[in-house]
Amino acid sequence: MRQSIYQSVWRWHFYAGIIFAPFLIILAFSGSVYLFKPQIEGYLYKDMLTVREVGTTPMAPESIVAKIVKGYPGTTVSSITMESDVKSTYKLSVTSDGVSRTMYVDPYTGHALGGMDSSKTFSAFFKKMHSELVIGGTFANRLVELAACWAVILILTGLFLWWPKSKGAIWGTVLPRLSKPGSRLFWRDLHAVPAFWLSLLILAIILSGLPWSGILGNQIDKLANATNTNAPPFAYSFGAKPESVTVAKDIAEDLPWAAENVPVPASVAGGYVTLSLDDIANIADDQQVIKPYTITNPFGENGVFTVSTAHSKPGHSATLHIDQYSGAVLTDVRFEDFGILAKLITYGIAFHEGRLFGIANQLLGVVACLGLILISVSSYIMWRKRKPTGKLGAPPKPKNPKITVGVLIIMLVCGAVMPLVGLSILIVLVLDFFVLRRIKALRHWF
């Protein structure tokens, strides 16, 4: 019975590996490069990201924006990121002639040191490779999610296959047998042993990336909402925002009771206008928002100023929405306001991106990525060495059909948790029943 279970699990592991190993190599390679985004872009774009001479006091953000708008007619500034490092430039998101780009400004002089399209940077290319296989679009993104979900199953089935048959087994389980380089046993151990040692690390990296996914990510979000463990409303700068509505009593005295709560969303007699960036920066400092943070301008007369941190440490995250007229802080969401699942996801994302605990996090991530590439490549070589001519070389079907059905049920349960896996299993079953079994050449090859 154990042998039948082993063969059935091996078949699933084999087919999943053959199909998804190439995608996992792409994800591991692109991820290992993206981990070092700060160092790589810091070198490539040093002239734009670093000031030439550190001054005594940075200019006020309103003055910086005014100087840029005057120096580059037709330019609209939508946000400014104020850095904590005295050597760093300020980052402005601007639009000129309908084109959006990022401009880097010396905070001490207000001079622009350069600009670029953020979607065309070195790291943006590898991010797109990692999330959309470069080609882009929903289909590519779903393919990445599918590969990541199957990678979870590959790890779990791989651990089952790795499990030593005897308690004292060391070679081939925790230590590789390398005495015969090039042999199938050599490549088998280069596949299984590193996979064992890195399994938990790779699994943690994969799981921490799944909240970004299109299908499973939505399921995780629904679970967090259903259990009240998600982030509170307005927690993210890219999400929904409250309306900025100042009422008459906020700006005037001795009003009739009936007029106290009349909205005043625009300029009125007496010079009531939108607050300046300097005012918002002062509010952010008063609220102890830790730099670097980004101030995003309001959109429309009911829009709000948004102050959000770009900090590498999740515990310092904050999102404030500020009334553009009165300066009232409408929402102030900090990390401690997050639910437990939202906190775990936030820490997981920071770990996934290699910024949770500095260079050690980056090195740990690159070890996992390089290990995944080794595991994938060694599995391919191992397969080529055992593959018979004219056949795929899949493991034989177990003789006990009940075992086959039992393992299939377990796989379908995994598919219920990960919808794209479930869909892919159903497609495979339909192809197997209606195509592969009915075409002799395909049946022989598989």
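Please treat every number below as a calculation from the coordinates, not as lab data. Only a predicted model underlies this, so the values are computations on that prediction, with no experimental measurement involved. Positions of Cβ are generated from backbone atoms using ideal geometry, with glycine treated the same way; all protein chains shown enter the neighbour counts.
Things to note:
- Simple label model, 7 Å out from Cα along Cβ direction - SER276 to LYS397, nm: 7.9 nm
- FRET efficiency for the pair PHE299 and LEU363, taken as 1/(1 + (r/R0)^6) with r the Cβ-Cβ distance and R0 = 30 Å, rounds to 0.15.
- Rounded Å value of the spacing that divides the Cα centres of region 7-83 and region 163-229: 28 Å
- Pairs from LYS128/LYS387; LYS120/LYS222; LYS241/LYS291; LYS291/LYS343; LYS37/LYS343 whose Cα-Cα separation, in the structure shown, is over 28 Å: LYS128/LYS387; LYS120/LYS222
- Counting charges near THR75 (Lys, Arg +1; Asp, Glu -1) among other residues having Cβ under 13 Å from its Cβ returns a value of +2.
- Between ILE359, ILE375, ILE206, the residue with the greatest mean-square fluctuation in the GNM of the chain (Cα pairs under 10 Å linked by springs) is ILE359.
- Estimated from the Cβ-Cβ distance and a Förster radius of 30 angstrom, the FRET efficiency linking ILE381 and ILE439 is about 0.55.
- Judged by the mean number of other Cβ atoms found within 10 Å, the most tightly packed of the peptides 146-157, 3-14 leads the ranking 146-157, 3-14.
- Virtual spin-label span in nm between THR229 and SER84, 7 Å along Cα→Cβ: 2.9 nm
- Its Kirkwood hydrodynamic radius, worked out from the mean inverse distance over all distinct Cα pairs, puts region 28-177 at 19.2 Å.
- Against the empirical curve 2.2 N^0.38 Å, the C-alpha radius of gyration of the chain lands at a ratio of 1.25.
- Expected 222 nm ellipticity per residue - DSSP helices of 4 or more, -39500 (n - 2.57), all of the chain, to 500: -16000 deg cm²/dmol
- Virtual spin-label span in nm between ILE427 and GLN39, 7 Å along Cα→Cβ: 3.8 nm
- All other residues whose Cβ lies under 15 angstrom from that of ALA231 are scored, Lys and Arg at +1 and Asp and Glu at -1, for a net of 0.
- Within the shell of other residues whose beta carbon sits under 14 angstrom from the beta carbon of ASN218, the net charge comes to 0, with Lys and Arg scored +1 and Asp and Glu -1.
- Linear extension gain, LEU201 paired with SER96, 0.36 nm per residue minus alpha-carbon span: 33.3 nm
- Candidate cross-link partners of LYS70 among the lysines, defined by an alpha-carbon separation under 19 Å and a same-chain spacing of 8 or more, comprise LYS91.
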